């Protein structure tokens, strides 16, 4: 029987849709919940574990009580043992670390954790390289190389492990950024350690590449293409996603940009800045819209990483044909043939966006690039 440890951070990612740039710290979590944030970590865990339900007889879970694991695992019908009980309703990082310690004491074969880089740091503090781990991405910050590319991809890796297929184990870096600087539009990533990860290259993400694009001429060409599109559609709302490539477009328009947020333009003028998911829905409802986004260098994510404001509801109303994906060819080449990744939190939406997508790589220069389907 495979002994699988599970740690769920139930508050992971709750600040994303509210443009809070993270969920680290009691104050941020309390603020997010007061603003009506939805806990989505359990849903993401369910997506990953659904794939191993047909072979659930092969696994026994070791978990924390309540939202940290027991509620979901019992609901899904897996066999389990509770190894930790949190003493407070709003769980904190020390609960993650205490659960990790309990999993070590129960000699589990692998630790599955659900959260973002903050959760990865907590797990690394206790487990380090003593037990293999695998992360289900559910946070606002996913820079570390210990996560699967999507919740469903986690299930694919677990399926291989439980069936006894040969899966390599490599080390993945644990990275995290300063949330206070993040909210000021500055990305300062720091290395915190390494953990062992079962590595199937199609399913495990790389460490995010830091820094801005350096090819000024190519970025200027991309910006010129997008600006011309705006000129041709003066009554269309342009929703500007996060990332340095989109930031360059805003610079060309001489507009203040939320580097790590979502802004809205009309006729090349800023009409809403750093909007939440709900604000975005309200402003764009019934309007002609286009979304300008880029991909995360080294990873290939275009949705679901740092732009949770782009909800499945918004994307459904928008339509795939109104997504303007921008990236330099060097950024695409850096993926080394790996497909782009969508992790919107909605299975049907992810399926609809899979397949070939047009990428603007210069002025009136576009290429077709595949978007993966992990569902």
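Round to the nearest 0.05 the FRET efficiency obtained for residue 160 and residue 368 when R0 = 30 Å and r is the Cβ-Cβ distance.
On the way: r = 30 Å, r/R0 = 1.00.
After rounding to 0.05, the efficiency reads 0.50.
Order of 283, 131, 8, 142 from fewest to most other C-beta atoms within 10 Å?
Details: 283 16, 131 19, 8 31, 142 27.
Fewest-to-most ranking of 283, 131, 8, 142: 283, 131, 142, 8.
Using DSSP, restrict attention to beta bridges with both residues in the stretch 216-371 and report what percent are antiparallel, rounded to the nearest 5. Intermediate values should be presented prior to the final figure.
Values: 14 of 26 bridges.
So the antiparallel bridges amount to about 55 percent of the total.
Just the number, please: Stokes-Einstein D of the stretch 84-164 in µm²/s, Kirkwood Rh from C-alpha pairs, 4 °C, 1.567 mPa s. Can you show the working numbers first?
Values: Rh = 13.2 Å.
Translational D for this selection: 98 µm²/s.
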Report the FRET efficiency, 1/(1 + (r/R0)^6), for residue 128 and residue 88, where r is their Cβ-Cβ distance and R0 is 35 Å, rounded to 0.05.
0.85
Taking 273, 331 and counting other C-beta atoms within 10 Å, the order from fewest to most
273, 331
Starting from the Cα of residue 270, step 7 Å along the direction of its Cβ; do the same at residue 190; then give the gap between the two resulting points in nm.
2.9 nm
Could you let me know the centre-to-centre spacing of the stretch 231-284 and the stretch 321-338, using Cα atoms, in angstrom?
20 Å
Alpha carbon convex hull of the stretch 216-371, volume per residue in cubic angstrom
96 Å³
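How would 89, 255 line up from fewest to most surrounding beta-carbon atoms within 10 angstrom? Write out the running numbers ahead of the final one.
On the way: 89 7, 255 15.
Final ranking by Cβ density, sparse to dense: 89, 255.
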Rounded to one decimal in nm, the spacing of the 7 Å Cα→Cβ label points at residue 329 and residue 224 is 1.6 nm
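Only the coordinates and a few stated rules stand behind these numbers; no lab work does. None of these values were measured; they are calculated from a predicted model. Counting neighbours? That spans all protein chains shown, and the Cβs are built from the backbone with ideal geometry, glycine included.
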